[in-house]
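Chemist: Structure provided below as structure tokens; questions to follow.
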Amino acid sequence: MYILTMYLCSLLNKKNKERKKQTITTLARGALRLYWWASAPSCPIPSTTTVVCTFQPSGEAVRLCVALSGPTLFSLRSGTFSTPRPTCGFNSVFPSKVFCKSLDQMSTSFEQMRANVGKLLRGIDRYNPENLPTLERYVETQAKENAYDLEANLAVLKLYQFNPAYFQTPVTSQILLKALTNLPHTDFTLCKCMIDQTHQEERPIRQILYLGNLLETCHFQSFWTSLEENRELIDGITGFEDSVRKFICHVVGITYQTIEHRLLAEMLGDPLDTQVKVWMNKYGWTENQEGQIFIFNQEESVKPKNIVEKIDFESVSSIMATSQ
């Protein structure tokens, strides 16, 4: 596992702290990939590699640990892949002032793009097919920056409906995959209903719809098996697997009181044990010595709701008079 440690001071002030963390996490993933590429441009990050971001207090600063993990590890010195070793790793510290300045610039650039697209979607220009190139670039930016804008994505699909000749399968695939990252919301169903049946039968849209069906029906083990056979589908979709694991943890949290460690690991796609513990810590789940993970006492969450009818005689008197 490779650990990239960055001290980020100026961005994490008291205002909008959670939003700042989300922005920093997104940009840190991109920065980590850039750092990797700059160190050895001839060898990209393996597609099976996952990125996990955690925040740790460090005095007055906040320490962001970005971890890369996967079946293979990359040697920055030799530029080759090697068998994983438990003690293998490196540490790098970015100067907070320099790194935070670059984060501010990247964040400002994306926010500016979001604002420009927002203006574009207001008024009659929303249905102007000449704006499709701009909107399609915005979809690609969302995929790279791990951002999401449902309204813009629906506008693209609507333009494809009105102008079938402009239909782009790669862009539509990215929109569907980004919608999957926002489960359990109904974004995926909204997007699917705006795609013509003929295009739904095309590759790779057909495979993505199948993956979405597996997730919506909670066949998580089958989902990971199918995804492993079609890894090329999520190339360029930053944070896809972590977003799916977040949804899976949501389902587990509202379904189980206790669950076996082995079963939870299978549901999460059999990641490293350290990653399973990261998700457990995030949701406050605890494990006993027998390998049973305590999720939540569902009985304590059942709260009866009193229904009060607020219909007085005056509101129904006219109806009663008419019925006579």
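The values are calculated or read from the model by the stated rules, or taken from the named source; none is laboratory data. Bear in mind the structure is a predicted one, so any value in this text is a computation, not a measurement. For accessibility, only protein heavy atoms count, side chains too; no ligands or nucleic acids. Shrake-Rupley method; radii C 1.70, N 1.55, O 1.52, S 1.80 Å.
Chemist: Taking 0.36 nm per intervening residue step and subtracting the Cα-Cα distance, what contour gain separates Leu150 from Thr286 on full extension?
Modeler: 45.4 nm
Chemist: What's the lysine pair count for the range 101-248 at a Cα cut-off below 18 Å, pairs eight or more apart or interchain?
Modeler: 6
Chemist: List every residue whose amide H lies under 5 Å from the amide H of Glu287, counting only residues 5 or more places away in sequence or on a different chain, with H placed 1.01 Å from N in the peptide plane.
Modeler: Phe294
Chemist: Using only alpha carbon pairs under 8 Å that are at least six residues apart, calculate the relative contact order of the range 160-218 and give it in whole percent.
Modeler: 35 percent
Chemist: Out of the total accessible area of the range 177-299 (probe 1.4 Å, heavy atoms of protein only), what percent is carbon and sulfur?
Modeler: The C+S portion of the solvent-accessible surface of the range 177-299 is 50 percent.
Chemist: Kindly write out, for the range 253-258 in residue order, the coupling ³J(HN,Hα) from the Karplus curve 6.51 cos²θ - 1.76 cosθ + 1.60 (θ = phi - 60°), rounded to whole Hz, with x marking Gly and Pro.
Modeler: x, 9, 10, 9, 9, 9
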